[in-house]
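Just below is one structure, and these are the notes that go with it.
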Amino acid sequence: MKKSNFYLLYSGDKSLLSNEVNKLKKNLNITSDSIYYDIENVSDIIVEASTIGMFDPYKFIVIDSGSYFLQKSEFDISLLEDYFNNYNTNSYLIFILNSGIVDSKKKLYKLINDNGTINKLSVTEEYLDTFVRNYIKDNGFTMSNMNIKFFLGRCNKDIDNIKNELDKLMLYKLEEKVIDKDDIILLVDEDIDDTVFELVSSILKNDCNKAMKLYYNFINNGMDVSQIIAIIASQIRLLFQVKRLYNSGKSNEKIAKILEFKSPYRVKYLLKDCYYYSEDDLIKYLSKLADIDKNIKSGNGDGKFLLELFIAKKDM
């Protein structure tokens, strides 16, 4: 990210946004406390940015810009326009927006784009890999590339959760400073939501080998067939809800809000394989799972065998 005095950082993932703000402050070598404002307090922001600090000349001013970018009408930012034309080079204004989309037609967007840096933040596998690598290194620990991938495979994609799990591992290996696979297996519980998503995704994409392998992982971990049916059905119902809302024209952010997800990234994650199934397909799968569950409870078949047939699509 190029250095400037004005930044707009936006993301649907609040923890990612917070992490990047802290990272930016570190990269700018700002040691004073961050100063927080809401965008509606324009005059206070200008006064703060224009004056010299008592103990440190440099100011890192974080401005929550949601009330500006997320409303249809513009409000007066003429004071900001004037400031952009004659700004204090010791003050850094970081406008943040907790949304995966931004209105590029807004005056403030154009001001920042012309005079500073705009960065959309997304949680990608590459980002998470780099985040873990840097977090471990900054704390004086080491973890092999293979173990970083294994660790991320057991976590969900929430930055705060990943930090908590890494802190737990580092506390456990405080003396050795080396985190290995056995430590991860011991302390980091595998995220069942991601594993279930992989199983359902494999079923929907006709990847029977992978689906069967994931299915037997559940069996070998002591989960009974009825539990597996319940979690598969729950995941498919969730996919159906996301698919229907998406087909009705809802944005990822709106879907996340309706379904009470922490981040729109989860919507994107669920929609990743959307071309592999239709709403009717999902209803059909749910109906078949209900039939299997009914047969198991009435004693009309071996549950393990019936679910294997379902996964292999031999009875669809």
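Miscellaneous remarks
- Note that the chain presents 55 Å² accessible area per residue, ligands and nucleic acids not counted, probe 1.4 Å.
- By definition, a body whose alpha carbon gyration tensor gives a ≥ b ≥ c is oblate when a/c is 1.5 or more and a/b is not larger than b/c, and segment 1-61 fits this oblate description.
- Kirkwood radius and radius of gyration were both taken over the C-alpha atoms of segment 61-151, and their ratio Rg/Rh is 1.13.
- Within segment 69-131, chymotrypsin sites (Phe, Trp or Tyr not before Pro) in DSSP loop having at most 14 other beta-carbon neighbours inside 10 Å: Phe75
- Percent carbon-and-sulfur accessible area, segment 126-183, ignoring ligands, DNA and RNA, probe 1.4 Å: 50 percent
- Cα convex hull, the chain: 154 Å³ per residue, rounded to a whole number.
- The chain, relative contact order in percent, only Cα pairs under 8 angstrom and at least six apart counted: 17 percent
- Listed cross-link partners Lys120/Lys205; Lys25/Lys137; Lys243/Lys284; Lys157/Lys243 are compared with a 24 Å cut-off, the Cα-Cα value being larger for Lys120/Lys205.
- Taking 4 °C and 1.567 mPa s as conditions, segment 132-241 diffuses translationally at an estimated 84 µm²/s according to Stokes-Einstein applied to its Kirkwood radius (Cα pairs).
- Using only side-chain charges placed at the Cβ, +1 for Lys and Arg and -1 for Asp and Glu, the dipole size of the chain relative to its Cα centre rounds to 840 debye.
- Which of Gly100, Ile159, Phe141, positive extreme of dipole for segment 88-205 (C-beta unit charges): Gly100
The values are calculated or read from the model by the stated rules, or taken from the named source; none is laboratory data. All values reported here derive from a predicted model rather than from experimental measurement. Neighbour counts are summed over all protein chains in view; Cβ atoms, including those assigned to glycine, are modelled from backbone coordinates with ideal geometry. Calculation scope for accessible area: heavy atoms of the full protein, side chains included, ligands and nucleic acids excluded. Shrake-Rupley method; radii C 1.70, N 1.55, O 1.52, S 1.80 Å.
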